[in-house]
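Have a look at the structure below before the remarks.
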Amino acid sequence: MNDSEKKRLFVAIDLPPEAKEIIYKTSNKFLEAKKNIRQVKSDNIHITLKFLGNVKKEYLPSLTTELNSCAKKTEAFKFRIKNRIDAFPNIRKASIIFVGVEEGGRKIEKIFTDIEPGLKQINISKEKRRFVPHATLARVKQKTDISELEKDIVFRKLPEVSCDRITLFESRLKPSGAEYYILEEFILGKSFKF
């Protein structure tokens, strides 16, 4: 099977443009000068629920049915993004710089938990690591201590985020970096006035 018969996919909660802009501009002031840190483009900032990897196109109908089913069981909700950065595996040996979620994080974890079982039928492995709701801001080429950045980067005036859908994205790798395309959005089941 060749790569044209597969799509590189992930499921996420997209963030509103104003939140992406605040996060990007605030962190960019400190990250852009760091040669060993590659910052995520503003448009690509999101909360990943599940990276699916290269999925056969023939599995797309089953996948979208499963995601739609999970979305219908979930009420719309609001969440808040933390005002400080963090890192995987930790601040002193950072390889991924991210911003986490505070209020509403458990609801995001619940969506992840609901999605996982249905993915077995399309040969997507269960996540081995503990799920942490977050938006990736940058990748670090060599693990680095970012303690100083953690003190410097503070996000102010981040809006509360209303989540009324989950999104299936395709990630296309280009020399300039990954580009994300929305394949389908799944509206969360029960109405909620924002």
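Here is how the numbers come out for the structure above:
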| read-out | value |
| --- | --- |
| Output for region 151-169, where each listed residue is under 20 Å from the mean Cα position of the chain (by Cα) and not in a strand (DSSP E or B) | 153, 155, 158, 159, 160, 164 |
| Residues of region 13-42 that turn out to be farther than 17 Å from residue 96 by Cβ, outside any strand (DSSP E or B) and among the β-branched types (Val, Ile, Thr), as a count | 2 |
| Failed criterion for residue 173 (all others in (1) under 15 Å from the mean Cα position of the chain (by Cα); (2) assigned to a strand (DSSP E or B) hold) | (1) |
| Matching entry among 92, 106 (being exposed (fewer than 14 other Cβ atoms within 10 Å of the Cβ) and either within 17 Å of the chain's Cα centre (by Cα) or assigned to a loop (DSSP other than H, G, I, E, B) (or both)) | 106 |
| Tally of residues being in contact (Cβ under 8 Å) with a residue 60 or more places away in the chain and under 18 Å from the mean Cα position of the chain (by Cα) across region 115-150 | 13 |
| Residue match in region 120-140 (condition: of a type in the set (A, V, I, L, M, F, W, C), in a helix (DSSP H, G or I) and surrounded by 14 or more Cβ atoms within 10 Å (Cβ to Cβ)) | yes |
| Residue 99 in a strand (DSSP E or B), surrounded by 14 or more Cβ atoms within 10 Å (Cβ to Cβ) and touching a His at 6+ places or on another chain (Cβ under 7 Å) | yes |
| In region 59-108, the residues that are in contact with a strand residue (DSSP E or B) (Cβ under 6 Å, 6 or more places away or on another chain) and of a type in the set (Gly, Ala, Ser) | 71, 87, 94, 95, 100, 104 |
| Test result for residue 4, without any contact (Cβ under 8 Å) to a residue 24 or more places away in the chain and either within 17 Å of the chain's Cα centre (by Cα) or over 12 Å from residue 137 (Cβ atoms) (or both) | yes |
| Index of the failed condition, residue 87 passing every other in (1) assigned to a strand (DSSP E or B); (2) surrounded by fewer than 20 Cβ atoms within 10 Å (Cβ to Cβ); (3) among the small types (Gly, Ala, Ser) | (2) |
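Yes/no matrix, rows are residues, columns are (1) farther than 23 Å from residue 172 by Cα; (2) without any contact (Cβ under 8 Å) to a residue 24 or more places away in the chain; (3) charged (D, E, K, R); (4) touching a helix residue (DSSP H, G or I) at 6+ places or on another chain (Cβ under 6 Å):
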position: 22; (1), (2), (3), (4): yes, no, no, no
position: 30; (1), (2), (3), (4): yes, no, no, yes
position: 61; (1), (2), (3), (4): no, yes, no, no
position: 71; (1), (2), (3), (4): yes, no, no, no
position: 94; (1), (2), (3), (4): yes, no, no, no
position: 98; (1), (2), (3), (4): no, no, no, no
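Every number here is computed from the coordinates shown, using simple stated rules; none is lab data. Quick caveat, the model's predicted, so the values are computed rather than measured. Cβ coordinates were reconstructed from backbone atoms using ideal geometry, including for glycine residues, and neighbour counts include every protein chain displayed.
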